[in-house]
1. Would you check which residues across the stretch A:231-255 are at the interface with chain B (Cβ under 8 Å from one of its Cβ atoms) and either within 31 Å of the chain's Cα centre (by Cα) or acidic (Asp, Glu) (or both) and list them?
2. Of all residues in the stretch A:61-74 being open to solvent by 20 Å² or more (accessible area, probe 1.4 Å), not aliphatic (A, V, I, L, M) and not in a loop (DSSP other than H, G, I, E, B), which is nearest to residue A:462 (Cα to Cα)?
3. Which of (1) among the small types (Gly, Ala, Ser); (2) at pLDDT below 95; (3) open to solvent by 40 Å² or more (accessible area, probe 1.4 Å) is the odd one out, the single condition residue B:65 does not satisfy?
4. Is it fair to say residue B:142 is of a type in the set (Gly, Ala, Ser) and at pLDDT below 95?
5. Examine the stretch B:18-27 for a residue that is modelled with pLDDT under 95, in a loop (DSSP other than H, G, I, E, B) and closer than 30 Å to residue A:223 by Cα, and state whether such a residue exists.
6. Within the stretch A:518-541, can you find the residues that are of a type in the set (D, E, K, R) and in contact (Cβ under 8 Å) with a residue 40 or more places away in the chain?
7. Just to verify a result, which residue in the stretch A:229-272, among those that are open to solvent by less than 20 Å² (accessible area, probe 1.4 Å), in a helix (DSSP H, G or I) and more than 16 Å from ligand 1 (Cβ to nearest atom), is farthest from residue B:51 (Cα to Cα)?
8. Can you pull out every residue in the stretch A:12-42 that is modelled with pLDDT of 95 or more and open to solvent by 30 Å² or more (accessible area, probe 1.4 Å)?
Amino acid sequence: MTNLSVDELAQIEQPLPGAPNNWQRFFSFSTDHKVIGIQYLVTSFFFFLIGGIFAMIIRGELITPEADLLDRSVYNAMFTMHGTIMLFLWTFPSLVGLSNYLVPLMIGAKDMAFPRLNAVAFWMVPVFGVILMASFWVPGGPSQSGWWAYPPVSLQNPTGHLINGQVLWLVAVAISGVSSIMGAVNFITTIARMRAPGMTWFRMPVFVWTVFAAQMIQLFGLPALTAGAVMLLLDLTVGTSFFDPAKGGDPVLFQHFFWFYSHPAVYVIILPIFGIFSEIFPVYARKPLFGYKVVAISSLVITGLSGIVWVHHMFASGTPGWMRMLFMATTMLISVPTGIKVFAWVATIWGGKLRLNTPMLFALGGLVMFVFSGVTGIMLAAVPVDIHVNNTYFVVGHFHYVIYGAVVMGLYAAFYHWFPKMTGRMYSEGLGKLHFVLTLIGTNLNFFPMHPLGLQGMPRRVASYDPEFAFWNVIASLGAFLLGMSTLPFILNMIGSWVQGETASKNPWRAIGLEWLVSSPPTVENFEELPIVISEPYGYGKTEPLVANPDRLEVAHESP
Amino acid sequence: MNPLEIDASLNPESPTNPALDPHTHPEHTHDDAGNRLFGFIVFLLSESVIFLSFFAGYIVYKTTALDWLPPGVTGLAVREPAINTVVLVSSSFVIYIAERFLHAKNLWGFRVFWLLTMAMGSYFLYGQAVEWRGLPFGCTDGLFGGTFYLLTGFHGLHVLTGILLQGMMLLRSFIPGNYDRGEFGVVATSLFWHFVDVIWIILFVLIYLWQ
Ligand code: HEM
Ligand SMILES: [Cu+2]
């Protein structure tokens, strides 16, 4: 068996383990990390659609300068719910789902360290979602204070009821926090202790590194947000005065709690996307990842730095000058490890034989969008610029480039790339490419106009605006509707291909990585016999095999 | 050599290949109890950040607030809380002794000292309840009232949790052979207890000594 190259090993054909027709298990309390992973992915995608509908309602309102579609309070509720859902019910859980699915496979483990805890953490997500959505039916409707819930706005209770949108919002966010901390404990333990023989830290795929780094942020950052949320909740319900300036409280302290977590939180989202890029570029360029170790380590550097930059969100909160300068400097520092990563990806792609399958297209698109958002990000980190564009659409444009351009595109890239592994079937390239083109055009049409709008001074979180801003707003709204439509080919593709796509071999991309050594979809146990890892990942074009015992990894198959 | 072929020196079947020696990868064990303990410590790290945040809030308020103490309040009595502190902190040693007894397979020794820990913890809670009832201010009385009850209350909740966990472990010691295959629950509970103690010491310094 030994004289086979990686590529050849990858090509060993395997019969499809007759994908059992038991879709019911996706609705059960399963402890299999693969089922939980897909449960997360489907649930969060459902909320993505809801958040997307809210976004289109917002953009529908903004297509004309007057506030003529919605009541202003409804408009406020819309952007608050949109932001909250998109962050807490779409990007976080979908990345957790992907990590859940991939991490044990990538490190050669049979499951997560704590399978039951894993399931409990997942089931808290729908509970969270239901509580949040329930606020549409309480007096006064959902919270209107934006996803950051700054007091004193969030302390206003116009209805006088104890159960109101803001209270439900806080309870929901607290549940999501508990669920995420459970997840963080699980991921960190799994990665630190469940790796297959021979899988040293520097043989771990970058995706696993980034998940580890991101989960460290969850572990150490989320409690600060939780602390702030508890205090705000007490102010609202019990009548304490932590953040109420009218009673001597300090609303800026809330901002510190909030951003101490919520700035690093953007790395919880973007780091795994960096991981996805690092997995995808080498496969489709057929080259080893350039500077693997540096790329891996830089994830931890970003994690460390991310804890000391939060005040850049508070340049306009009466922050003293020395603090502004300090945090401006630390923020700029983060661009170094990030820049290193970008450089490594470009070097990986450079001169490679690119295969432009849908995952690669999305990854390339995401990279370009990310670079653009990086430029506007550095502009925002500069205090004078930030003071000027703070709370304008420039900020909204910047973070949507990150979040739609890089994060959502990166997620799509991952969905396509690992679709054959998860389902045992191939997706349709035609629909995939259509999806890519619509997304790319839609994202730029939607979010580019926000930059000139912001520079001209259009404030964010407003339902009406000066008619001079109309031109760019119309374009942005059209882009939003296009983006809404762009999800249709994706949904069609995923469902249609899962039901009747071509069957996929265990390694259709001829990729290197433990997850590609097992059948598609993997059996319950993942690995009958644990792989013994003997080389670095990404050995494209090199001759060492990844594992010492590939022949023994032929997994047993259930007959159809 | 054909680039597609594997270099013979890398022959993974070779007995000298380090990857085949099971002793070189201690990280791969299906050591569930070890995982649980590791996970529990990770969790405690996370918990400590909540407390740190509350402490940070307390310090900010104390150093910047215009009206810190509620009107009519000049400070807190230190004597009773100090006694309370001594009891709680010494219980950390008692629980350690209990653990040692269990380790030495002396179940009754374990139960006695374990129960003593629970009693000391309960005394602490009782003392705190008495203190709360005697205080002239409530949690809605300004920043001091709010942070005071928040910190002591949140800590008290942890003490209560600790006592409940201890009760569970005590009951379990009556299941024959329960602790023969490892004592994860006991070790974790005792870790938690030390954690709660350390937090209290910081809290005591912040609230009672730094007046
Ligand atoms: C269909 C695509 C999307 C459109 C058209 C869209 C549009 C908008 C608009 C118009 C706002 C209001 C800005 C303001 O008034 O300040 C907004 C806010 C926001 N969006 Fe999106 N968005 C989209 C996708 C996303 C995604 C995918 C995410 C995150 C994963 C996201 C996260 C946010 C956040 C966090 C806010 C801030 C909410 C707040 O101010 O409280 N959006 N979006
Ligand atoms: Cu930030």
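1. Once the filter is applied, which keeps residues that are at the interface with chain B (Cβ under 8 Å from one of its Cβ atoms) and either within 31 Å of the chain's Cα centre (by Cα) or acidic (Asp, Glu) (or both), the stretch A:231-255 yields A:231, A:234, A:250, A:253.
2. Taking the stretch A:61-74 as the starting set, the residues that turn out to be open to solvent by 20 Å² or more (accessible area, probe 1.4 Å) are A:63-74.
Okay, now just the ones that are also not aliphatic (A, V, I, L, M), so A:64-66, A:68, A:71-73.
Subsequent filtering for residues that are not in a loop (DSSP other than H, G, I, E, B) retains A:72-73.
Values: A:72: 8, A:73: 11 Å.
Among those residues, the one meeting the criterion is A:72.
3. Evaluating residue B:65 over (1) among the small types (Gly, Ala, Ser); (2) at pLDDT below 95; (3) open to solvent by 40 Å² or more (accessible area, probe 1.4 Å) leaves (3) as the failure.
4. Values: of a type in the set (Gly, Ala, Ser): yes; at pLDDT below 95: yes.
Yes, satisfied.
5. Yes, because at least one residue in the stretch B:18-27 is modelled with pLDDT under 95, in a loop (DSSP other than H, G, I, E, B) and closer than 30 Å to residue A:223 by Cα.
6. Matches in the stretch A:518-541: A:525, A:536.
7. Ranking the qualifying residues of the stretch A:229-272, first place goes to A:235.
8. A:42
The values are calculated or read from the model by the stated rules, or taken from the named source; none is laboratory data. Source: prediction; values computed, not measured. Cβ atoms come from the backbone with ideal geometry, glycine included; neighbour counts cover every protein chain shown. For the accessible areas, the whole protein counts, side chains as well, though only heavy atoms, and no ligand, DNA or RNA atoms are used. Shrake-Rupley method; radii C 1.70, N 1.55, O 1.52, S 1.80 Å.
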